[in-house]
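So the structure is just underneath, and the comments pick up after that.
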Amino acid sequence: MVIVVHFVALLTAGRKQVALAVNSAMVQTYWQIGRLIVEDEQQGQTRAEYGKHVLKSIIRLTHERIWQRV
């Protein structure tokens, strides 16, 4: 049926648009997170003195708070 072909084409195009939008939002979000780390934790330095320990703590706390909302 021709209508099924049209449905499939619309759904496929919609899925592609959603994937592009989600990917774009994720890239922007991760870029902002990186910027915050450099500005706040590293104070503009290439690497914070206490580096990995701070990042592990940030990741753990963020993970706990994000999953509390789900």
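Of the residues contained in region 36-44, one or more are found to be at pLDDT 70 or above, on the phi > 0 side of the Ramachandran plot, polar (S, T, N, Q) and in a loop (DSSP other than H, G, I, E, B). For region 50-70, the candidate set comprises residues that are at pLDDT below 80 and surrounded by 10 or more Cβ atoms within 10 Å (Cβ to Cβ); within that set, the residue that is nearest to the chain's Cα centre (by Cα) is 55.
The values are calculated or read from the model by the stated rules, or taken from the named source; none is laboratory data. This structure is a prediction, so every number in the text was calculated from the model and none was measured. Ideal geometry is used to build each Cβ from the backbone, glycine not excepted, and the neighbour counts take in all protein chains shown.
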